[in-house]
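The values are calculated or read from the model by the stated rules, or taken from the named source; none is laboratory data. The shown structure was predicted, so the numbers you read here are calculated from the model rather than taken from an experiment. Note: ideal-geometry Cβ built from the backbone for every residue, glycine included; neighbour counts use all protein chains shown. Ligands, DNA and RNA are excluded from the accessible area calculation, which covers all protein heavy atoms including side chains. Shrake-Rupley method; radii C 1.70, N 1.55, O 1.52, S 1.80 Å.
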Amino acid sequence: MKYLSTRGDATPRRFCEILLEGLAPDGGLYLPERYPQVDAATLARWRGLSYADLAFEILSLFIDDIPPADLKRLVHTTYTEATFGTRAITPLKKLEDGLHLEALSNGPTLAFKDMAMQLLGRLFEFELARRGEHLNILGATSGDTGSAAEYAMRGKRGIHVFMLSPHGRMSPFQQAQMFSLQDANIHNLAIEGVFDDCQDIVKAVSNDLEFKRRWKIGTVNSINWARLLAQVVYYFAGYFQAAQSDDGVVSFAVPSGNFGNICAGHVARRMGLPIKRLVLATNENDVLDEFFRTGTYRPRGAAETHETSSPSMDISKASNFERFVFDLVGRDGARTGALFGEALSRQGGFTVTREEFARIPGYGFVSGTSTHADRLATIRGTWQRCNVLIDTHTADGLKVAREHLEPGVPMIVLETALPAKFAATVAEAFADSGSPAPVPEVPAALAGIERLPRRFTVLPADTARVQQHIAAHAG
Ligand SMILES: *Cc1c(COP(=O)(O)O)cnc(C)c1O
């Protein structure tokens, strides 16, 4: 399998060549040259597999430069009951007839990003050892991504993580999650500033090519192809649980931000998994809902980006969206480059042609938006009717899913975080309900985490100081 860029650079690259990369050299994102096709006989054969064996089968279709025995070992050490809480790894929870939650957030940081990041940690360690290289991962986080990366990379040979976060601005639980890690290769840098300052420093360090090469600086952001690929697996796992037979179809509803999660659904559908609809849910940051309703993509500035109670969906632009548009415009790299290059930088947005817009239903996409009031009502209603407590992001997905239910087509809502991470909003949902708020369960592994000793360094919002710190502690 070869990989190419969405902006037309067709230099064929193999999986392990792009594994540690971010953007393609022409500024595009990597995609496989074609989507491997899965027929009914293959689906029938995969139905009985364990999650790890299913992951091995799917990944093998996209990865031909890791020996099969090694790949098998890597997925089997990643997707274990010890790490993800159940033997099924991503079990379905039935809410009512034809409506399910797929649990993706029982990994170490209680959010779905663990599903991919845990595998990425093992793939990175394997590939770096094979090359005899090491890597210093640099990132900025306001919460979920940073902790998922740290829990995936902790203790991995050849890897150090430098994670910048805004000092004193993450939730107490998020701070405890990240700062309680005692591993020598994890470096928490609390920056005296806001999240944007952290991001600016990461950009400045990455643009310092001399420093970047000298210290082998890399990233683990959401455009990484391996992360997206790992997420394809749970669409298959959800399908097998919800569809009674292999001629069934299902729909998925996905709480979306950077379009990474739902893009994996798009890939699964292109491979032939019988998905009727991919229901994209946004919060008040409705850039993507606007596109699927109107054909216009208009990323927002910081001033127009709302801080909401589903914060992991608070995005101004959707970094993986270019992958879908590349397919939508018939895999025309020049056209994709014109839209995401010139049109975005000159006009701040673009509108696809009428003909391109008319193709969207063929890709299964529909969309909708959910507000703070919707989240509260959905959390309360789901508890009262189904006796299931959900988090704010999952609530956005469920609210929009209900607008797209169809008889005879099971709807699977992806549960992207556990309510324990967003306990304050969960309590707010029950404030005027006359009944006491249920208290979200905290998994045993994280109980008392707020009292553990913390390991972090406070630094000013200054690129040179961050570089000095990296140089002094890098691998
Ligand atoms: C990251 C995240 C999302 C958004 O996922 P994308 O892949 O960026 O669309 C939704 N919910 C939670 C809890 C997340 O952490």
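Only residues in the range 1-23 that are free of Cβ contacts under 8 Å to residues at least 24 places away in the same chain count as the first member; pair them with residues that are open to solvent by 40 Å² or more (accessible area, probe 1.4 Å), Cβ under 6 angstrom, at least 6 apart or cross-chain, and list the lot.
Every condition considered, the pairs that remain are Pro12/Lys2.
Evaluate the following for Asn261: is it within 12 Å of the ligand (Cβ to nearest atom) and surrounded by fewer than 20 Cβ atoms within 10 Å (Cβ to Cβ)? So that I can check it myself, show each step before the final result.
Numbers: within 12 Å of the ligand (Cβ to nearest atom): yes; surrounded by fewer than 20 Cβ atoms within 10 Å (Cβ to Cβ): no.
Taking the combined requirement at face value, the residue does not satisfy it.
Tell me which residues, restricted to the range 451-468, are aliphatic (A, V, I, L, M) and without any contact (Cβ under 8 Å) to a residue 40 or more places away in the chain.
Once the filter is applied, which keeps residues that are aliphatic (A, V, I, L, M) and without any contact (Cβ under 8 Å) to a residue 40 or more places away in the chain, the range 451-468 yields only Ala464.
Go through (1) away from the ligand (no atom under 16 Å from the Cβ); (2) in a helix (DSSP H, G or I); (3) closer than 27 Å to Lys113 by Cβ for Glu356 and report which single condition fails.
If we test Glu356 against (1) away from the ligand (no atom under 16 Å from the Cβ); (2) in a helix (DSSP H, G or I); (3) closer than 27 Å to Lys113 by Cβ, just (3) comes out false.
Would you point out which residue out of Arg277, Arg293 is in contact (Cβ under 8 Å) with a residue 40 or more places away in the chain, out of contact with any helix residue (DSSP H, G or I) (no Cβ under 9 Å at 6 or more places or on another chain), open to solvent by 10 Å² or more (accessible area, probe 1.4 Å) and part of a helix (DSSP H, G or I)? Explain how you work it out, then say what you get.
Working: Arg277 fails: part of a helix (DSSP H, G or I).
Selected residue: Arg293, the only one of Arg277, Arg293 that is in contact (Cβ under 8 Å) with a residue 40 or more places away in the chain, out of contact with any helix residue (DSSP H, G or I) (no Cβ under 9 Å at 6 or more places or on another chain), open to solvent by 10 Å² or more (accessible area, probe 1.4 Å) and part of a helix (DSSP H, G or I).
Here is a list of conditions, (1) farther than 28 Å from Thr305 by Cβ; (2) open to solvent by less than 20 Å² (accessible area, probe 1.4 Å); (3) within 21 Å of the chain's Cα centre (by Cα); (4) acidic (Asp, Glu), and Glu127 meets all of them except one; can you say which number that is?
Result: Glu127 fails condition (3) only.
Give the range 376-398 a look and list any residue that's open to solvent by 10 Å² or more (accessible area, probe 1.4 Å) and either within 16 Å of the ligand (Cβ to nearest atom) or touching a Gly at 6+ places or on another chain (Cβ under 8 Å) (or both), or say none. Quick ask: steps written out before the conclusion?
Going residue by residue through the range 376-398, those that are open to solvent by 10 Å² or more (accessible area, probe 1.4 Å) are 376-378, 380-381, 383-389.
If the condition is that a residue be open to solvent by 10 Å² or more (accessible area, probe 1.4 Å) and either within 16 Å of the ligand (Cβ to nearest atom) or touching a Gly at 6+ places or on another chain (Cβ under 8 Å) (or both), then Thr378, Leu389 are the ones that fit.
Give me the residue from the range 280-290 that is of a type outside the set (A, V, I, L, M, F, W, C) and part of a helix (DSSP H, G or I) and, out of that set, nearest to Ser256 (Cα to Cα).
Here the answer is Asp289.
I need the full set of residues from the range 26-52 which are over 30 Å from Pro12 (Cβ atoms) and in contact with a helix residue (DSSP H, G or I) (Cβ under 8 Å, 6 or more places away or on another chain), in order please.
Arg47, Leu49, Tyr51
Only one of Ala373, Ala445 is part of a helix (DSSP H, G or I) and under 25 Å from Ile186 (Cβ atoms). Can you tell me which?
Only one candidate qualifies: Ala445.
Name the residue that is modelled with the lowest pLDDT, counting only residues in the range 14-34 that are open to solvent by less than 10 Å² (accessible area, probe 1.4 Å) and part of a loop (DSSP other than H, G, I, E, B).
Per the criteria, the residue is Ala24.
Which of the residues that make up the range 135-157 are open to solvent by 10 Å² or more (accessible area, probe 1.4 Å), modelled with pLDDT of 95 or more and in contact with a strand residue (DSSP E or B) (Cβ under 7 Å, 6 or more places away or on another chain)?
Leu135, Arg154
Counting just the residues of the range 309-318 that are of a type in the set (Ser, Thr, Tyr) and near the ligand (Cβ under 8 Å from one of its atoms), which one comes out surrounded by the most Cβ atoms within 10 Å (Cβ to Cβ)?
Restricting to residues being of a type in the set (Ser, Thr, Tyr) and near the ligand (Cβ under 8 Å from one of its atoms), the top hit is Ser310.
Among the numbered criteria (1) of a type outside the set (A, V, I, L, M, F, W, C); (2) at pLDDT below 95; (3) crowded, with 17+ Cβ neighbours inside 10 Å, which one does His404 miss?
Of everything listed in (1) of a type outside the set (A, V, I, L, M, F, W, C); (2) at pLDDT below 95; (3) crowded, with 17+ Cβ neighbours inside 10 Å, His404 misses just condition (2).
For the range 385-421, which positions are of a type outside the set (A, V, I, L, M) and more than 22 Å from Ala148 (Cβ to Cβ)?
Correct list: Arg385, Cys386, Asn387, Lys399, Arg402, Glu403, His404, Glu406, Pro407, Gly408, Pro410.
Here is a yes/no grid of residues against (1) modelled with pLDDT under 95; (2) surrounded by 20 or more Cβ atoms within 10 Å (Cβ to Cβ); (3) away from the ligand (no atom under 15 Å from the Cβ); (4) part of a helix (DSSP H, G or I):
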position: Arg213; (1), (2), (3), (4): yes, no, yes, yes
position: Val220; (1), (2), (3), (4): yes, yes, no, no
position: Ala226; (1), (2), (3), (4): no, yes, no, yes
position: Leu229; (1), (2), (3), (4): no, yes, no, yes
position: Ala237; (1), (2), (3), (4): no, yes, yes, yes
position: Gln244; (1), (2), (3), (4): yes, no, yes, no
position: Asp247; (1), (2), (3), (4): yes, no, yes, no
position: Val254; (1), (2), (3), (4): no, yes, no, no
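Which condition from (1) open to solvent by 60 Å² or more (accessible area, probe 1.4 Å); (2) closer than 30 Å to Ser309 by Cα is the one that Ser171 breaks?
Ser171 satisfies every listed condition except (1).
All but one of (1) away from the ligand (no atom under 16 Å from the Cβ); (2) part of a loop (DSSP other than H, G, I, E, B) hold for Ser142; which doesn't?
The single condition Ser142 does not satisfy is (1).
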